[in-house]
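Asker: Below is the structure I would like to discuss, written out as structure tokens.
The values are calculated or read from the model by the stated rules, or taken from the named source; none is laboratory data. Predicted, not measured: the structure shown is a model, and the values here were computed from it. Cβ placement follows ideal geometry from the backbone for every residue including glycine, while neighbour counts extend to all protein chains displayed. Side chains are part of the model used for accessible areas, which takes the heavy atoms of the whole protein and leaves out ligands, DNA and RNA. Shrake-Rupley method; radii C 1.70, N 1.55, O 1.52, S 1.80 Å.
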Amino acid sequence: DSGVTQTPKHLITATGQRVTLRCSPRSGDLSVYWYQQSLDQGLQFLIQYYNGEERAKGNILERFSAQQFPDLHSELNLSSLELGDSALYFCASSVNGEQFFGPGTRLTVL
Amino acid sequence: AQSVSQHNHHVILSEAASLELGCNYSYGGTVNLFWYVQYPGQHLQLLLKYFSGDPLVKGIKGFEAEFIKSKFSFNLRKPSVQWSDTAEYFCAVKAPGSQGNLIFGKGTKLSVKP
């Protein structure tokens, strides 16, 4: 157990819908990273937040957005979902350069 | 384009065989290097990391990796694999100047036959 929690574990939805994925970092970790893991693209960095502020953006689509709240939990919002958004979404929190990953949310878009 | 390359997509070994998984990166400057393992249905776990110092890094579960700066490589090794090592292995780089996000290779699936 890495100490990073993610909910829900599985999410099945339809194209065009919007979903919210939630992540709670390890106690005391200020940084949260979101990654997408898909069969064709592998593991890709989406976005990073540090203490409530966006710090870095990777290959994140405009339909996707994220935020980090004062209690440091983060939410990843995915809208206008497409079949190709089906993937495993991980969040990670870090200390001293080492990232600890959550169990992931498996999103299936039908 | 800057990237992380893992040479093998799928490696199949018998128990007690030696393992070496290749990883090359294309970033210049100082990089931090990582190997993560993902057991079936589980999250990514850190095997080992290199930030500086001794280029031969020892990790958990008997794994080690060698950083060779001149070759831009960070290969993962284990002298004798076990069936329980069956998993997917990811090499990752924290690039210079980044905010800490990792760039991952495509992963190598390791299957160990009992």
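Asker: Apply the Karplus curve 6.51 cos²θ - 1.76 cosθ + 1.60, θ = phi - 60°, to the phi angles in region B:75-82 and return the couplings in whole Hz, x for Gly and Pro.
Answerer: Working through the residues one at a time gives 7, 9, 9, 8, x, 8, 7, 10 Hz.
Asker: Which value, in debye to the nearest 20, describes the size of the charge dipole of chain B about its Cα centre when Lys and Arg Cβ atoms bear +1, Asp and Glu Cβ atoms bear -1, and nothing else is charged?
Answerer: Taking the Cα centre of chain B as origin, the dipole is about 120 debye.
Asker: A follow-up question, please. Please list the non-local residues whose amide H lies under 5 Å from the amide H of B:Glu15, H modeled 1.01 Å from N, same-chain partners needing a gap of 5 or more.
Answerer: B:Lys113
Asker: Quantify, in whole percent, the carbon and sulfur part of the accessible surface of chain A (1.4 Å probe; protein heavy atoms only).
Answerer: Summing carbon and sulfur atoms, their accessible area is 47 percent of the total for chain A.
Asker: Turning to a different aspect of this structure: Quick one: Karplus J couplings for region B:14-23, per residue in order, coefficients 6.51, -1.76, 1.60, θ = phi - 60°, nearest Hz, x for Gly and Pro?
Answerer: Going residue by residue, I get 8, 4, 6, 6, 8, 10, 9, 10, x, 8 Hz, with x marking Gly and Pro.
Asker: I've got another one for you. GluC sites (Glu not before Pro) within region A:24-96: which are DSSP loop residues with at most 10 other Cβ atoms inside 10 Å?
Answerer: Listed in order of number, the matching sites are A:Glu62.
Asker: In whole Hz, what ³J(HN,Hα) sequence does region B:85-93 give by Karplus (6.51, -1.76, 1.60; θ = phi - 60°), x for Gly and Pro?
Answerer: 7, 4, 4, 10, 10, 10, 8, 9, 10
Asker: What is the list of residues in region B:1-37 whose amide nitrogen lies under 15 Å from a point 7 angstrom out from the Cα of B:Lys69, following Cα to Cβ?
Answerer: Zone members listed by number: B:27-33.
Asker: Compute the semi-axes of the equivalent ellipsoid of chain B, taking the square root of 5 times each eigenvalue of the Cα gyration tensor, and list them largest first in whole Å.
Answerer: One finds semi-axes of 24, 14, 12 Å for chain B.
Asker: Here's a follow-up. Answer with one residue from B:Gln42, B:Ser52, B:Gln82: the one whose Cα lies farthest towards the positive end of the charge dipole of the protein assembly as shown, charges on Cβ with Lys, Arg +1 and Asp, Glu -1.
Answerer: So the residue we want is B:Gln82.
Asker: In Å², and per residue, what accessible area does the protein assembly as shown have when probed at 1.4 Å with the other protein chains present?
Answerer: 48 Å²
Asker: If you don't mind, there's one more thing I want to ask. Among residues other than B:Gly97 whose Cβ falls under 15 Å from its Cβ, what is the net charge (Lys/Arg +1, Asp/Glu -1)?
Answerer: In short, +3.
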